[in-house]
Amino acid sequence: MRHQRREFLKLMGVGGAFTLLPIDIARAAGTPAPEDRAVYISASAGDADDYYVSAFNASGKILFEQALPGRGHDIGLRPNHVDVAAVERRPGLYGLILDRHTGDVRAKLHCPEDRRFYGHAIYSNDGRFLYITENDFDHARGVVSVWDAEDGYRRVAEFDSFGTGPHELHLMPGGEHLVIANGGLHTHPDFDGRTALNIDSMEPNLSIIDRRTGKLIHQASLKHDWHQLSIRHLDVAANGTIAAGFQYQGEINDQVPLVGIWQPGKEIRPIEAPDNVQYRMRQYCGSVRFDASGQVFGISCPRGGLVTFWDAKTNGFLTHIAAPDGCGLAATDRPGEFVGTSGLGNGWRLDAIRRKRVELPDDSHKSLHWDNHLRRITA
Amino acid sequence: MLLKSCSRLMLLSTTAAIAIGFAAPNAHADIPDENYRPVLNHLLNEVMPPKLDDFHKANAQLSTSITDFCADPDADDLKDVQEDFHQAMDIWQEIQPWRMGPMVANGRDQHIEYWPDKHGTAARQFRKLLFSKPAGYTDPEQLSEASAALQGFPALEEVLFDPKNTAHMTSSDEDGVYLCQYGAAIATNLETIAGELRDEWPEFADAMATAGPDSMDYPTAKFAATDLYRALHEGILIISAQKLGKPLGDNKQDAKASRAESEVSKRSLRNIAHNLTGLFAIYDGKWGDVGSEGTGLAALIDSSLLDRSFRLNWQTVVDALDGLPASVEDLLAQPDGYDKLAEFKSQIDFLTTLVENDIGGNTQLGGGFNALDGD
């Protein structure tokens, strides 16, 4: 696959692992539709432990790839700015601030020695502060670090995440609160930084904190029987509904919910798909994303090779579409429609309403393994 | 001990052979998608349907025999019913690992056998049932709407094998009459479920065998075949972690036979023997008199040495199990029973590594970038 990518880049007139391609969106006559101008950005990998942040356009054409020192995970988008934040997946040591148009490195973040990045970052709505989930591994404590983008990305504060193993975080509507998925898993660099050390006693939760003071505003957990459901990924609709995807740490044939909906102040509501779909989710959700309407959300299940779709209004399962090794999900500007990416190199448009899957037409994106998460940048 | 050493030697020698590079030279070339299709077609359309038919027939026989027994209960007839239970359970344990499509739809596998039962739900509900004796549970249709823990083989096992219950039944007292009617309802319900499973399978098999880009369920034959590989992989994992790991516990003092599957009928290890038969059929393509050798996942492996070594290792495990009693309880009652059980688990674990590394790798069905190492 790496070789194929190199060949492709040569054909494009550029080459080398660190070459940055300029944006090259073909401009048709007239004004392109917003979706046609959209750019998708994600962590990616080649075949030889080579890792990147890569961007492609609505057709799937690679726009740039920027080499990373280690495997990335999610990308944080700075509102109204060229910056995007790529934080190394857990146990991460680096964070890079890149130019979203070119992939150029604009700043570097270094994790303190007694912390490890956990792969997810989000900016405040005004773009000034970057929030990153981290592991305070000696105290089995999750933290959210705060970095000032207007002061050279200086680390200016650190808040408790109110749980262990914080993973994805998002701003709540209004922009003053952060919701954090505390996965509950304690890991330590002395044990490779990824192996869970507390499966029997893990206590995942969803926590909402004030982004300025770090004060806990809301918190919810699943019932104790389900304490091995690691709450890892989430997305927030414009009305404040939170959709969460779980990763089960128990037995492969236990019957447990893998999706939850949370209205802060209430209990997390677990929801399930029909048995033959639920089974194919293989106890593992990889990515959560609301659509443009905020009513439909997609949850990818890469172990089962499915993307499942749910209705946040009725709290019900909608449908599923097979997507081998599919994980990254980003909403397009059309209700019920998403772009999905896979570790096998595929990119699709997935229509939850019509239950349709269409391959992105440009093959250049197929030269990479697309990692866990996908973000859409509106032009 | 000699046997144990030999089996270890055999396992190690195979590992060494593979490690020094006997894998096919073109092992990394992509297997064409069309190569997966005959495997799918053979396993799902040729091999599985007769087994599902056998399962249905075995349950029909069980239903008939328990109904006959209840008409005039005696100890000899009870033995016949127990034997019919074992026959049905043998086939179930062979198809149990094929967890896909209609097997798992509508909770069917759990309705057939509610297991593992982490919280002892079945025993608790069974006690309540006997106390209150609700009439609805003697009607198969109403029973089919009841808790899964009271519907399938574990509940029937309690009825047919727990000495307290069999004493009631053979003496035809009030509890015995109720137990008989309830047991007959379970068997009839199982027959119905088995019939539904048999009838729904062909549509699922066709969807798998005709996988293609227009399908929203199975876009490629390779993707469909992944479900077969997963059934093999997960089947071995479940044997190790649950069927053996749970009764073994953390150490000898923590071992508990009652945590094993089907211990009331003393057949927990017999279950595993039949699991291995059904699992090996996924690899080999031959299942008893059905199918033909080398037409399962084995057809995708381009290395005769790897194929032979996998078969040899699998047979070693089967032979080891043949030397053990039918139940964990009987094995743990032996002076070195715990060690034998632990040793057998280690052999199963070795098979797991072979399935993951050799079968998953060479069939290219082991999983992708995100599936294998997500976050």
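Over the range B:240-375, what is the relative contact order in whole percent, taking alpha-carbon pairs under 8 Å and six or more residues apart? Over the range B:240-375, the number comes to 25 percent. With a Förster radius of 22 Å applied to the C-beta separation of A:Thr314 and B:Leu372, the computed FRET efficiency comes to 0.05.
For the range B:53-197, a Kirkwood radius taken over Cα pairs fed into Stokes-Einstein (10 °C, viscosity 1.306 mPa s) yields D = 106 µm²/s. Residues of the range B:69-99 whose accessible area, computed with a 1.4 Å probe over protein heavy atoms, drops by at least 10 Å² once all protein chains are present relative to their chain alone are B:Arg99. Applying 1/(1 + (r/R0)^6) with R0 = 41 Å to the Cβ-Cβ distance of A:Ala238 and A:Lys108 gives a FRET efficiency near 0.75.
Shown is the FRET efficiency for A:Asn125 and A:Asp254, computed with R0 = 41 Å from the Cβ-Cβ distance and rounded to the nearest 0.05: 0.55. When B:Thr121, B:Thr64 are compared by accessible area at a 1.4 angstrom probe, the order from most to least is B:Thr64, B:Thr121.
Highest GNM mean-square fluctuation among A:Leu258, A:Leu109, A:Leu234, for chain A modelled with Cα contacts below 10 Å: A:Leu109.
Skip the ligands, DNA and RNA, and give the accessible area per residue of the range B:291-341 with a 1.4 Å probe, whole Å². Intermediate values should be presented prior to the final figure.
On the way: 2270 Å² over 51 residues.
Using a 1.4 Å probe on heavy atoms only, each residue of the range B:291-341 averages 44 Å².
Within the range B:350-375, the residues that become at least 40 Å² less accessible when every protein chain is included than when their own chain is isolated (1.4 Å probe; DNA, RNA and ligands ignored) are B:Phe369, B:Asn370, B:Ala371, B:Asp373, B:Asp375.
Projected onto their three principal axes, the Cα atoms of chain A cover extents of 57, 47, 38 Å, largest first. Note that the range B:53-197 presents 40 Å² accessible area per residue, ligands and nucleic acids not counted, probe 1.4 Å.
Given just the C-alpha atoms of the range A:100-159, how large is their convex hull per residue in cubic angstrom? Could the numbers behind the result be given before it?
Details: hull volume 5.6 nm³, N = 60.
Per residue, the Cα convex hull of the range A:100-159 comes to 93 Å³.
Here the ratio of the Cα radius of gyration of the range B:187-285 to 2.2 N^0.38 Å is 1.41. All alpha carbon pair distances within the range A:190-245 were sorted into 5 Å bins beginning at 0; the resulting P(r) in whole percents reads 4, 15, 19, 22, 18, 15, 6, 1, 0. Apply the Kirkwood formula to the range A:128-219: the hydrodynamic radius equals the inverse of the mean of 1/r over all pairs of different alpha-carbon atoms; give it in Å with one decimal. Hydrodynamic radius (Kirkwood, Cα pairs) of the range A:128-219 is 13.4 Å.
Tell me, in nm to one decimal, what length is gained between B:Asp162 and B:Ser304 on full extension, where the rule is 0.36 nm per residue of separation less the Cα-Cα distance? Intermediate results must be reported in sequence, preceding the final value.
Values: separation 142, 0.36 × 142 = 51.12 nm, distance 4.85 nm.
Full-extension gain reported as 46.3 nm.
The range A:270-340 has equivalent-ellipsoid semi-axes of 18, 15, 8 Å, by the square roots of 5 times the alpha carbon gyration tensor eigenvalues, sorted largest first.
Identify which of A:Asn315, A:Asn205, A:Asn57 has the largest mean-square fluctuation in a Gaussian network model of chain A, with springs joining Cα atoms closer than 10 Å. Among A:Asn315, A:Asn205, A:Asn57, the largest mean-square fluctuation in the Gaussian network model of chain A belongs to A:Asn315.
Treating each Cα of the protein assembly as shown as an identical point scatterer and summing with the Debye formula, the log10 of I(q)/I(0) at q = 0.04, 0.06 Å⁻¹ comes to -0.18, -0.40. Ranked from largest to smallest solvent-accessible area, with a 1.4 Å probe on the protein heavy atoms, A:His369, A:His218 come out as A:His218, A:His369.
Note on A:Asp200: accessible area is roughly 130 Å² with a 1.4 Å probe, heavy atoms of protein only.
Of B:Lys133, A:Lys223, A:Lys215, which has the most accessible area with a 1.4 Å probe, and how do the rest follow in descending order? Could you put the intermediate results ahead of the total?
On the way: B:Lys133 50, A:Lys223 110, A:Lys215 130 Å².
Result of the area sort, largest leading: A:Lys215, A:Lys223, B:Lys133.
Counting only heavy atoms of the protein chains and using a 1.4 Å probe, B:Thr316 has close to 20 Å² of accessible surface. Inter-label distance, A:Asp333 to B:Lys118: 4.6 nm, where each label sits 7 Å from its Cα along the C-beta direction.
Rg over Rh for chain B works out to 1.00, both radii taken from alpha-carbon positions and Rh defined as the Kirkwood radius. Taking the Cα centroid of the range B:201-267 and of the range A:176-200, what is the distance between the two, rounded to the nearest whole Å? First find each Cα centre; the distance between them is then 28 Å. Looking only at A:Ala48, A:Ala243, A:Ala323, which one moves most when chain A is put into a Gaussian network model with springs between Cα atoms under 10 Å? Of A:Ala48, A:Ala243, A:Ala323, the Gaussian network model singles out A:Ala48 as fluctuating most. When the Cα atoms of the range A:256-379 are aligned to their principal axes, the ranges along those axes come out at 45, 32, 25 Å in descending order.
How much of the pair distance distribution for the range B:91-158 lies past 21 Å, counting alpha-carbon pairs only, in percent? Before the final figure, lay out the partial values.
Values: 587 of 2278 pairs.
Result: 26 percent of Cα pairs exceed 21 Å.
Sparsely packed loop sites in the range B:276-375 (the GluC sites (Glu not before Pro) outside DSSP H, G, I, E and B with at most 15 other Cβ atoms within 10 Å) comprise B:Glu293. Relative contact order of chain A, taken over Cα pairs closer than 8 Å and 6 or more residues apart, is 13 percent. Placing dummy labels 7 Å off each Cα toward the beta-carbon, the span from B:Asn45 to B:Lys128 is 4.7 nm. Within the accessible area of the range B:53-197, the carbon and sulfur atoms contribute 49%, probe 1.4 Å, all protein chains present. For chain B, the longest principal axis of the C-alpha atoms and the axis of helix B:174-209 are separated by about 30°.
Between A:Arg355 and B:Ala135, the modelled labels are 4.2 nm apart [label points 7 Å from Cα along Cα→Cβ].
Solvent-accessible area lost on pairing A with B (1.4 Å probe, both sides summed) amounts to about 3200 Å².
The values are calculated or read from the model by the stated rules, or taken from the named source; none is laboratory data. Predicted model only: the values in this text are computed from it and were never measured. Quick reminder, even Gly has a Cβ in these numbers, built from the backbone with ideal geometry, and neighbours come from all protein chains shown. For the accessible areas, the whole protein counts, side chains as well, though only heavy atoms, and no ligand, DNA or RNA atoms are used. Shrake-Rupley method; radii C 1.70, N 1.55, O 1.52, S 1.80 Å.
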